[in-house]
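See structure below.
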Amino acid sequence: MSKKKFTPIKLEVDYTGYNKAVKDAESKLKNFRSALEFAYSNYVDEKDLNDAAFNESMLNEFKRCFLLKNSKLVRLDIGYNKLLDLLDVNIDTLKEHEYQHHQNPTELIQVDEKTVSAKIDIDSYTIYTKSEAENQRLEAANSLLDALDKVAVFQKVYPLTITAGISNFLLFDTSKSEYKLNRTLMPKI
């Protein structure tokens, strides 16, 4: 007789973490676009700027592109900072953009030559069973929930009393008004 192959089953999704990651990604992309706008409005040509390099270091890529376009404006050999002063460019805004950019943990990816994006995968926020024993616990929990639903048709079911009566095998999330399997009781693998 062959053993049944273990198949992970979805336990729950951390929607709070997922939604925060999406907001962080949106914030990082907005900051990145704003930094690009700063660069383009301060003597940098869009065709010269490399988005991947700008993602790594906004200040270094800005400096490279700024010098590429503007170093020949003055016939004298002057430094980057003097050229910034001469053209009245204050890079404090770009410094703040770079600080915000690196503080945000979201990773930006290059979609194509003109598009930078962030990829947030909901699977990273999904928790699955890790063993056949966990699958069996989940099956027992689902059977118990079915029985509670059948009883609720005839009689009021008090979730907190139920969870206490079954030694917190199930927990009740009052914010969502739903039961979930207590994963802390699962044996560690």
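The values are calculated or read from the model by the stated rules, or taken from the named source; none is laboratory data. Predicted, not measured: the structure shown is a model, and the values here were computed from it. Counting neighbours? That spans all protein chains shown, and the Cβs are built from the backbone with ideal geometry, glycine included.
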Which fully enclosed helices (runs of 4 or more DSSP H) of region 86-189 have 3 or more residues being outside the structural domain of residue 59 (by TED's automatic domain parsing)? 132-152, 159-165
Mind counting the residues in region 83-99 that are buried (at least 17 other Cβ atoms within 10 Å of the Cβ) and either closer than 13 Å to residue 39 by Cα or under 28 Å from the mean Cα position of the chain (by Cα) (or both)? 6
Scan region 51-85 for residues that are part of a loop (DSSP other than H, G, I, E, B) and touching a residue at least 24 places away in the same chain (Cβ under 8 Å) and jot them down. 57
Check on residue 110, of a type in the set (S, T, N, Q), modelled with pLDDT under 90 and surrounded by 13 or more Cβ atoms within 10 Å (Cβ to Cβ): yes
Given (1) among the acidic types (Asp, Glu); (2) in contact with a Phe, Trp or Tyr (Cβ under 6 Å, 6 or more places away or on another chain); (3) part of a helix (DSSP H, G or I), index of the condition residue 46 fails: (3)
Among 57, 71, 117, the single one that is loosely packed, with under 15 Cβ neighbours inside 10 Å, modelled with pLDDT of 95 or more and either over 30 Å from residue 7 (Cβ atoms) or in contact with a Leu (Cβ under 8 Å, 6 or more places away or on another chain) (or both) is 57
In region 11-31, the residues that are touching a strand residue (DSSP E or B) at 6+ places or on another chain (Cβ under 6 Å) and either among the acidic types (Asp, Glu) or outside any helix (DSSP H, G or I) (or both): 11, 12, 13
Failed condition for residue 21, given (1) crowded, with 18+ Cβ neighbours inside 10 Å; (2) closer than 30 Å to residue 181 by Cα; (3) over 23 Å from the mean Cα position of the chain (by Cα): (3)
Write out, first by first residue and then by second, each pair whose Cβ atoms fall under 6 Å of each other, whose residues are 6+ apart or on separate chains, and whose first residue, in region 23-39, is touching a residue at least 60 places away in the same chain (Cβ under 8 Å) while the second is among the β-branched types (Val, Ile, Thr) and surrounded by 15 or more Cβ atoms within 10 Å (Cβ to Cβ). 24/106; 25/106; 25/120; 28/106
